[in-house]
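Asker: Quick one: structure below, then a few questions.
The values are calculated or read from the model by the stated rules, or taken from the named source; none is laboratory data. Nothing here was measured: the structure is a model prediction, and the numbers come from that model. For neighbour counting, all protein chains shown are included, and Cβ atoms are generated from backbone atoms with ideal geometry for every residue, glycine included.
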Amino acid sequence: MSEFEQARSAAKQSSEQRKVRRPTGSRVRARNSLEAARKADSLKIPAARGLSVSRLQTSSSESSDQSLGKQVVFRRMSRQSAVRSVKVVPERIDLKVPPSDLVKTRCSWITLNTESFYVSFHDEEWGVPVHDDSKLFELLTLSEALAELNWPSILKKRDMFKKIFENFNPSSVAAFDEKKILLLKSSGGSLLSEQKLRAVVENAKQILKVIEEFGSFSNYCWRFVNHKPVINGFRYGRQVPVKTPKAEAMSRDMMQRGFRCVGPTIIYSFMQVAGIVNDHLLSCFRFHDCIESQDKNDSAK
C-alpha cells in the first residue's frame, strides 16, 4: 500500500470515530434546555419561572407522596367509620326522654302550620266520648255548619254560635218563633243561612221528643253503636271514610223523625267529634287517650 492510500484510510477511520462520539459543549447544553422546556410544558409550568429539571422532579415526587398519604388516611378513616357508627343528636336534648314526648304524633290533618286552637280541638275534644245532651246538640249543630263552613272557621266563631243559640239549650232554641228567626236573619247575627237556621230550631224540637222517648238524646245517639265507641284504628288518613253504614242508619232514622240537614256525611262528622266513632289514626297519641276516656266513663257508671 502506498503512502497515499495509508493516509486516506487513516482519515476515513478518524471520520467514523467522530460520528460515533456524543455531542459535547454547546450541543449538550442545547439538548438539556430543550428537554427541560418540554417537561416544564407538560407539567403546565410557565417557562418564566425557570425551574430546573431536578426541581421539577422533586416537586413531582413530593406531590405523589402527599397524594398517596391522603389516600392512606382516607382509607383508614373509612375503615374506622365502618367499624364505629356515631349517633349525632341535637344539643340540649335528654336522650332518656321518649321521642313521643318530644314531638307528639297527631292525625294527618294536623300539621306544623296548623293554628294552635285547631290543635287544641284535636288534642282535647275531637273523638272524646260525649254523653251530655246540650253538648251533643252543640256538636250536631256545628257539624251541620260544615255544609257551609270548615272546622277552623266554625271554631273561631264558636262563641257567637253559643250566644245565638243560647248555649245550645234545646228547650230555649225550640222556643224560637218566626219573629226570632227573622230577627236573627235581618240583624246579620246569624252565622248560618236561613235554611240552616231553621233546621237548628227544628232539630231542637225533635231532640225534646227524643228525650221523652229514650230518656236522653245521648241514649238515642249511642244506641246506634250499642253504647260503645266504634274503634277503627286506621293507619292512614286516606282510609278514613266520609260515611259508614252506621252513620247512614242514624241519618235515616233522624230524618224519619223530622230532623233536618242530617245527611250521612254530616252525621258521620258528628259521630267523629262526639267520640261515637274513634277515627284517630293508630299513630296518633290521642287514639289510646280516647279509649281510656271511654273506659273511665264505663267504670264511673
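Asker: Kindly indicate which of 184, 139, 197 is surrounded by 14 or more Cβ atoms within 10 Å (Cβ to Cβ), modelled with pLDDT of 95 or more and in a helix (DSSP H, G or I).
Answerer: Working: 184 fails: modelled with pLDDT of 95 or more; 197 fails: modelled with pLDDT of 95 or more.
Criteria check complete, one pass: 139.
Asker: So is residue 233 in contact (Cβ under 8 Å) with a residue 12 or more places away in the chain, assigned to a loop (DSSP other than H, G, I, E, B), in the same structural domain as residue 176 (by TED's automatic domain parsing) and under 21 Å from residue 131 (Cα atoms) or not?
Answerer: So residue 233 does not fit the description; no.
Asker: Taking residue 269, is it in contact with an Asp or Glu (Cβ under 7 Å, 6 or more places away or on another chain), modelled with pLDDT of 95 or more and not hydrophobic (A, V, I, L, M, F, W, C)?
Answerer: no
Asker: Regarding region 252-261, can at least one residue be identified that is touching a strand residue (DSSP E or B) at 6+ places or on another chain (Cβ under 7 Å), in the same structural domain as residue 136 (by TED's automatic domain parsing) and at pLDDT 95 or above?
Answerer: No, the conditions are met nowhere in region 252-261.
Asker: A further question on this structure: Looking for something without any contact (Cβ under 8 Å) to a residue 40 or more places away in the chain, assigned to a loop (DSSP other than H, G, I, E, B) and under 19 Å from residue 205 (Cβ atoms) - is there at least one such residue anywhere in region 154-174?
Answerer: Taking region 154-174 and keeping what is without any contact (Cβ under 8 Å) to a residue 40 or more places away in the chain, we get 154-169, 171-174.
Then drop every residue that is not assigned to a loop (DSSP other than H, G, I, E, B), which leaves 157, 165, 169.
Now restrict to residues that are under 19 Å from residue 205 (Cβ atoms): 165, 169.
So far as region 154-174 goes, yes, one or more of its residues are without any contact (Cβ under 8 Å) to a residue 40 or more places away in the chain, assigned to a loop (DSSP other than H, G, I, E, B) and under 19 Å from residue 205 (Cβ atoms).
Asker: From (1) surrounded by 13 or more Cβ atoms within 10 Å (Cβ to Cβ); (2) farther than 26 Å from residue 284 by Cα; (3) at pLDDT 95 or above, pick out the condition that doesn't hold for residue 212.
Answerer: The single condition residue 212 does not satisfy is (1).
Asker: Tell me, yes or no, whether region 238-259 has at least one residue that is more than 30 Å from residue 107 (Cα to Cα) and of a type in the set (D, E, K, R).
Answerer: yes
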